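Written out below as structure tokens is the structure these notes cover.
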Amino acid sequence: MEQYLQSTRYFDAANPQVVAQARALAGDAADPLEIARRLYLGVRDGVRYNPYTFSEDPQSFSGSHCLAAGQSYCIPKAVLLGSMARALGIPSRLGLADVRNHLSSPQLLAFLRSDVFVMHGYIELWLNERWVKATPAFNKALCERMGVGVLEFDGEQDSVFQPFDEQGRAHMEYLNDHGTFADVPVDFIVAQVAAAYPHLVKTADFAERSLEGDIAAPMS
């Protein structure tokens, strides 16, 4: 279990900004379940979800980078939650899976040329003597704009993904489970993304895109 409490290159639980944010979010909570719930909400809604921020730069996968940027996608957001949990004595590990019907826009699906999203990240927290899954990716404001119920986390039940949107349409399907990791397997992630989307090339405006922008400018 010790490996899931250590501060690492990516789960940088000893980073002063990560520690300070974790303590601020936890506040006066002493119960690990309540601490986990507060950290989850802080990451879910405090860091805007933006899948266009993916980068091959290793530093971009760290919890502290995600915190400083204020926007990121599922993996760094999960790592930030895990880093803050470790900073407060709660073991954590990263889970990776491939999913279909990831929260997206027509523009994003066209950009990827696929409705399969490889390397979706979630976090597992050790609470009440067992691993519990949490997925802090999609902030509340984005879910409301896209007509998808916000994903809650009570610290006791796995919180993975809404299987349906608010109109009852299929929303999420897990396809492949790649297991869990004590630190971020950056080379594996980058290789899997490159293999899944070989047509993608970096452009000057790539980092300026967002799902909010897609919604505001729907495809004709």
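Worth pointing out:
- Rolling a 1.4 Å probe over the protein heavy atoms leaves Asp45 with an accessible area of roughly 70 Å².
- The range 8-42 versus the range 99-131: alpha-carbon centroid distance in Å: 23
- Point-charge dipole on Cβ atoms (K/R +1, D/E -1) for the chain, about Cα centre, debye to 20: 280
- 0 to 90° range, to nearest 10: angle between helix 186-196 axis and the chain longest Cα axis: 20
- Fraction of beta bridges assigned by DSSP in the chain that are antiparallel (%, nearest 5): 90
- Surface composition of the chain: carbon and sulfur atoms hold 51% of the protein heavy-atom accessible area at a 1.4 Å probe.
- Charged-residue dipole, Cβ positions (Lys, Arg, Asp, Glu), the range 1-99 about Cα centre, Debye nearest 20: 120
- C-alpha long axis of helix 16-26 to longest principal axis of the chain, angle in °: 80
- Residues of the chain: accessible area per residue with a 1.4 Å probe, Å²: 45
- For the range 1-55, the fraction of alpha-carbon pairs lying more than 19 Å apart is 41 percent, rounded to a whole number.
- Relative to the longest principal axis of the Cα atoms of the chain, the long axis of helix 32-46 lies at roughly 30 degrees.
- DSSP loop trypsin sites (Lys or Arg not before Pro) with at most 12 other Cβ within 10 Å: longest gap in the chain: 10-112
- Loop-exposed GluC sites (Glu not before Pro) per DSSP, neighbour cap 14 Cβ within 10 angstrom, longest uninterrupted part of the chain: 57-128
- Rounded to the nearest 10 Å², the accessible area of Cys74 at probe 1.4 Å: 10
- Calculated [222 nm] ellipticity per residue, helices only, for the chain: -10500 deg cm²/dmol; basis is -39500 (n - 2.57) per DSSP H run with n ≥ 4, divided by all residues, nearest 500.
- Ranking Asp177, Asp183 by solvent-accessible area of protein heavy atoms (1.4 Å probe, all protein chains present), from largest to smallest, gives Asp177, Asp183.
- Ordered by solvent-accessible area of protein heavy atoms (1.4 Å probe), largest first, the residues His178, His65, His120 come out as His65, His178, His120.
- Of the options [x] 12.7; [y] 11.7; [z] 15.3, only one is mean projected area of the Cα convex hull in nm² as computed from these coordinates, and that is [y].
The values are calculated or read from the model by the stated rules, or taken from the named source; none is laboratory data. Everything numeric here is computed off the predicted structure, so don't read it as measured data. Here the Cβ is made from the backbone with ideal geometry for all residues, glycine too, and neighbour counts use every protein chain on show. Note: accessible area is taken over every heavy atom of the protein model, side chains too, but ligands, DNA and RNA are not part of it. Shrake-Rupley method; radii C 1.70, N 1.55, O 1.52, S 1.80 Å.
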